[in-house]
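Peer 1: Let me give you the structure first, and then I'll get to my questions.
Where a number appears in this text, it was derived from the coordinates with a stated rule and is not lab data. Note that the structure is predicted; figures quoted are calculated from it, not measured. Methodologically, a virtual Cβ is constructed for each residue, glycine included, from the backbone with ideal geometry; neighbour enumeration extends over all protein chains shown.
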DNA sequence: ATTCGTGCAAACCGTTTGCAAGGGA
DNA sequence: TCCCTTGCAAACGGTTTGCACGAAT
């Protein structure tokens, strides 16, 4: 995502472009599905004067305006994802790591199935697949 | 689930059957994917003397021993599920409600797809599908 | 001038922890 | 007796809130 892209996204949501929001967004883009804690650490490394409350505030605003999304994890640690388009997630069993997983064929497969066999009393608007497992091989960082 | 079933489950996990554990388990079975708060409220209605810490303790133990599972939600409220077999979930968009959704055909569809088109550097051990949408029609309570 | 956004710090609240007492096996 | 389990209460930690100041329109 180019810098101008997310700035546009913020502006289109009716928000002002501020150094704080830029810093938060860049922390989101630099990390993979970061926790709030990670974002705070990341932001404050370069901008020690940005308040924690402000960062939470910005994250809330972004989520509310669909600029980013919350990611579900089992251990009640909130994570954030700057990608709002439909995609799936790979979860390391210990949930130390989450990666994006794009698979249009699979998405279509599920979509078709859901369309065919209607679920009674429930109207599906979106779906997310969580693949839980282990990352194998190369592991930097 | 019959009473004896979960008692057996608890015993087989190497735990003693205690009134506290029975109360927690029955609260789990009486409610659909309850939050800890809901469970506490439910348990204390009949057993006002059971401590909150004990309830959290029991829930943790149950999860650790795979007697129940944690359910992911986006708003960082932990929910619990006494069903440990593979199944999917229907999420109300506002996450006020979660229902179980069994669909073996869909499960198999996904399983087959995953088997066929291997994901590089990742070994899938389990998966969960979250269907987000709206419950329509009948709605008591 | 008015609205929006930020910094700061206190408050909040769900959850965890430590410890002493109770109760089965 | 020994170990598991509970009750209690204090502590913890991530998140939220209130408010006054500052910046943008």
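Peer 1: Taking the rotation axis that maps chain B onto chain A, which residue of B brings its Cβ closest to that axis, and at what distance in whole Å?
Peer 2: It is B:72, 2, counting Cβ atoms only.
Peer 1: Still on this structure, I have one more. Mind checking the full-extension length gain between residue B:37 and residue B:107? Use 0.36 nm per residue of separation minus the Cα-Cα distance, one decimal, nm.
Peer 2: Details: separation 70, 0.36 × 70 = 25.20 nm, distance 3.15 nm.
Length gained, residue B:37 through residue B:107: 22.1 nm.
Peer 1: Give the nm distances, rounded to one decimal, from residue B:99 to the matching residue in every other copy, measuring between label points 7 Å along Cα toward the beta carbon; shortest first.
Peer 2: Label point to label point, same position, other copies: 3.7 nm.
Peer 1: Provide the gained length on full extension for the span residue A:52 to residue A:135, in nm with one decimal, where the gain is 0.36 nm per separating residue minus the Cα-Cα distance.
Peer 2: Numbers: separation 83, 0.36 × 83 = 29.88 nm, distance 3.22 nm.
This chain segment gains 26.7 nm when fully extended.
Peer 1: For residue A:44, which inter-copy label distances result when the label point lies 7 Å beyond Cα on the Cα-to-Cβ vector, reported in nm to one decimal and in ascending order?
Peer 2: 3.3
Peer 1: Residue by residue through A:109-116, how many Cβ atoms from other chains fall within 10 Å of the Cβ on average? Don't skip to the end; give the middle numbers.
Peer 2: Numbers: counts 5, 6, 0, 1, 5, 5, 0, 1.
Average per residue, whole number: 3.
Peer 1: Moving on. Which distances, in nm and shortest first, link the residue A:22 label point to the same label point in every other copy, taking 7 Å along Cα→Cβ?
Peer 2: Here the equivalent label points are 6.5 nm apart from this one.
Peer 1: For residue B:119 and residue A:94, FRET efficiency with R0 = 25 Å and r from the beta-carbon atoms, rounded to 0.05? Walk me through the numbers on the way to the answer.
Peer 2: Numbers: r = 18 Å, r/R0 = 0.72.
In this case the efficiency is close to 0.90.
Peer 1: Another question, then. Please give the helix A:104-116 orientation as an angle from the longest Cα principal axis of chain A, in degrees from 0 to 90, rounded to the nearest 10.
Peer 2: 50
Peer 1: Okay, moving on. What list do you get for A:21, B:64 if you sort them by fewest beta carbons within 10 Å? Don't jump to the answer; show the numbers that get you there.
Peer 2: Numbers: A:21 20, B:64 10.
Listed from fewest to most nearby Cβ atoms, that is B:64, A:21.
Peer 1: If I fit a long axis through the Cα atoms of helix A:52-64 and take the longest principal axis of the Cα atoms of chain A, what angle between them do I get, 0 to 90°, rounded to 10?
Peer 2: Roughly 40 degrees between the two axes.
Peer 1: If you build a Gaussian network model of chain A, linking Cα atoms that sit under 10 Å apart, which residue out of A:109, A:65, A:15 swings the most?
Peer 2: Judging by the Gaussian network model, the answer is A:109.
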